[in-house]
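These notes concern the structure reproduced below.
The values are calculated or read from the model by the stated rules, or taken from the named source; none is laboratory data. Not measured: the values here are computed from a predicted model. Neighbour counts run over all protein chains shown; Cβ positions are idealised from the backbone, glycine included. Remember, those area values only see protein heavy atoms, side chains included, never the ligands or the DNA or RNA. Shrake-Rupley method; radii C 1.70, N 1.55, O 1.52, S 1.80 Å.
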Protein chains: 2
Amino acid sequence: MASGPVASPRKEADSPRNFFAEKSRACGYCELRSKGFCSRLSENQKALLAEVSRLVTLESHKTLFRQGEEADNVYVVRNGMLRLYQRMLDGRRQVIGFAKAGDLLLFPFSERNDYSADALDSVYLCQFRRQDFLGLLQREPELLSALAVITHDELTRARYQIALLSQRKAEPKMAQFLLALFESCARPDSNPMAIPVRVPQADIADYLGMTVETVNRTMARLVRDAIISVAKHGLDLLDVKRLREIAESY
Amino acid sequence: MASGPVASPRKEADSPRNFFAEKSRACGYCELRSKGFCSRLSENQKALLAEVSRLVTLESHKTLFRQGEEADNVYVVRNGMLRLYQRMLDGRRQVIGFAKAGDLLLFPFSERNDYSADALDSVYLCQFRRQDFLGLLQREPELLSALAVITHDELTRARYQIALLSQRKAEPKMAQFLLALFESCARPDSNPMAIPVRVPQADIADYLGMTVETVNRTMARLVRDAIISVAKHGLDLLDVKRLREIAESY
DNA sequence: TGGTTCGTATGATCCAGATCAATTCCCATC
DNA sequence: GATGGGAATTGATCTGGATCATACGAACCA
């Protein structure tokens, strides 16, 4: 998802007039039925979710929600990419991930948002009132186990990031990060792999725990060596093999 | 837990003869009823768990389970401390945490262990056959939501570690780590705070992504400055205030 | 009891990445 | 097409932690 020409999210999703129409067919047409959180659900459960979901759009650079705010909603990303980050006590910003289609944002049992989310491009999401979602969880144990499992998946990804961060060298760090990002953006058809969104270097820096300068120099080297190339709105992977080698060069 | 004089785990827990006796009163006497995973459960659920739990002990330095092995059991720590770690592709060892009383080890839905666990001192655990645990989860949705919540708690801790790792300076990194460890070992009565287990410097190094040498020098400085002191079997916190200052000095 | 090993401790050197400092590029907007 | 601001880029320098090397003590055990 979020790859190739991005279908421009329909603005009218926000308007009450089209709300019902959107609602009733929300899951039926969604390409995510086979990806991420939704793919773990039965048709029946998806119908229940669709019942209480609302389609919303978010322009590039806008903030979806902020850390610490009361958690009124949870979201499933349908299209586009967001950066997720936490503000640390010392003021540092820690980017904890990049959300893509299929990802569930926020944990329904948490009463406050534990991170902030900004759109990196135009984003299209399913929104659920947290209370509605909780109600469903209570009625549908299957949904609850799906939640447990994807939370554990997130934990696995967090541990992956931990491994990345304790890497000492900048190049393999970068290479591993890019590989993971390319892979998570991969669609069966698209070859070679591409990241269809321009991820600011500052965000990569705050994800990998390095400075922008180092991120920039490291990426510049990869570009010079024709391993990746920066396109107008994203990144292309030119040489998987060499990127893998660098990733393992530690 | 795991603080003060550690009640030496009863060996006979392993013997079939005492097994039943142990089983029937497992939760009734356990101090953990008000801590960690178990504290989230009703009396009824604890009874169900006790039904299928088995008390096991593990000597210091022994391995409880290994990453990649088929997951036959899950555990709840009752006493003692373990190090949890993953082996990375490049051979590096990443310590992902230190488990203490009340912590659930392994995710019941995972068919393979996603990390290894070694005892840092004598450890006393409740063991559950994974299939039994899964059965309970299926029958008891409350248990399932407790699982989701503690998995999310672990995710929160992982993100804390992420923030730690992207710290550049060794001193605040160390200070923050120690503070968290002291706090997680704190018991209402014990004052000043103490970590009742000797955590090898190599483990700290692999947790914080630094070398043993740096860990050693950084800790040596803290000891010289009378902020902490190394006891025979653990660490004592002498000056919380200054340790906090260092932690925030970034 | 001597020997091996593992954890801890400490010194000397080196270097990758942080830091400081401009400059250029890219757009969005006027 | 002028203008302004954020992001990207590039250079010069500095430094903290990695690396290498060695030594010491305690536990283990043959």
Between helix B:170-185 and chain B, what is the angle of the helix's C-alpha long axis to the longest principal axis, kept within 0 to 90° and rounded to the nearest 10? 30 degrees
Both in Å, the radius of gyration and Dmax of the C-alpha trace of segment A:26-149 are 14.2, 46
Hey, how many Å between the Cα centroid of segment B:209-250 and the Cα centroid of segment A:66-139? 36 Å
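Just add up the charged neighbours of A:GLY209: K/R +1, D/E -1, any other residue whose Cβ is under 10 Å from the Cβ of A:GLY209. Working shown, then result.
Working: positive: A:ARG92, A:LYS173, B:ARG168; negative: A:ASP206.
Local net charge: +2.
Counting only protein heavy atoms, what percent of the accessible surface of chain B is carbon or sulfur at a 1.4 Å probe?
Details: 5760 of 11580 Å².
Its accessible area is 50 percent carbon and sulfur atoms.
Once the piece of chain linking A:ARG87 and A:HIS233 is laid out straight, how much longer is it, given 0.36 nm per residue of separation minus the C-alpha distance between them?
Values: separation 146, 0.36 × 146 = 52.56 nm, distance 2.73 nm.
Full-extension gain reported as 49.8 nm.
By accessible area of protein heavy atoms, probe 1.4 Å, what ranking do A:GLU171, A:GLU69 get, highest first? Kindly include the intermediate steps, with their values, before the conclusion.
Working: A:GLU171 55, A:GLU69 80 Å².
Accessible-area ranking of A:GLU171, A:GLU69, largest first: A:GLU69, A:GLU171.
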Most fluctuating residue given options A:CYS38, A:CYS30, A:CYS185, as computed from a GNM of chain A linking Cα atoms under 10 Å: A:CYS30
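Quick check on segment B:168-247: what are the equivalent-ellipsoid semi-axes from the Cα gyration tensor, as sqrt(5λ), descending, whole Å? Present the calculation step by step, with values, prior to reporting the outcome.
Working: eigenvalues 72, 38, 27 Å².
So the three semi-axes of segment B:168-247 are 19, 14, 12 Å.
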Using modelled amide H (1.01 Å from N, peptide plane; none on Pro or chain starts), what sits under 5 Å from the amide H of B:LEU235, excluding residues fewer than 5 places away? B:ILE195, B:VAL197
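To the nearest 100 Å², how much accessible surface do chains A and B hide from each other in total, with a 1.4 Å probe?
Numbers: alone 13170 and 13160 Å², together 23160 Å².
Answer for the A-B pair: about 3200 Å² buried.
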With everything on Cα atoms, drop me the angle between helix A:43-52 and the longest principal axis of chain A, reported from 0 to 90° to the nearest 10. 80 degrees
Label points for B:ARG92 built 7 Å along Cα→Cβ; distances to same position in the other copies, nm, shortest first, come to 1.6
Assume the label is 7 Å from Cα along Cα to beta carbon: what separations in nm does A:SER39 have to the matching positions in the other copies? 3.8
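What's the magnitude of the charge dipole for the protein assembly as shown around its Cα centre, counting Lys and Arg as +1 and Asp and Glu as -1 at the beta-carbon? Answer in Debye, nearest 20.
Working: 72 positive and 64 negative charges, 116 e Å.
Using only the charged Cβ atoms, the result is roughly 560 debye.
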Per residue of the protein assembly as shown, what 222 nm ellipticity follows from adding -39500 (n - 2.57) for every DSSP H run with n ≥ 4, rounded to the nearest 500? -13000 deg cm²/dmol
Roughly how many Å² is the accessible area per residue of segment B:186-236, as a whole number, for a 1.4 Å probe? 52 Å²
Just to be sure I understand the curve: with the Debye formula and one point per C-alpha of the protein assembly as shown, what is log10 I(q)/I(0) at q = 0.09 Å⁻¹? -0.70
Between the helical axis of A:141-165 and the dominant principal axis of chain A, each derived from Cα atoms, what acute angle in degrees is found, rounded to the nearest 10? 20 degrees
Stokes-Einstein at 25 °C, 0.890 mPa s, Kirkwood radius from Cα pairs: D for segment A:53-106 in µm² s⁻¹? 198 µm²/s
Computed over chain A, the ratio Rg/Rh where both radii use C-alpha atoms and Rh is Kirkwood: 0.97
How far apart, in nanometres, would the label points at B:ALA220 and A:GLN131 be if each is projected 7 angstrom from Cα along the Cα-to-Cβ direction? 6.1 nm
Which one, B:ILE150, B:PRO172, B:TYR160, projects farthest toward the positive side of the charge dipole computed for segment B:128-176 from Cβ point charges (K/R +1, D/E -1)? B:PRO172
Taking the label point 7 Å from Cα in the Cβ direction, how far apart in nm is B:ASP236 from each other copy of itself, listed shortest first? 6.6
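Over the residues of segment A:100-226, compute the C-alpha Rg and express it relative to 2.2 N^0.38 Å.
1.27
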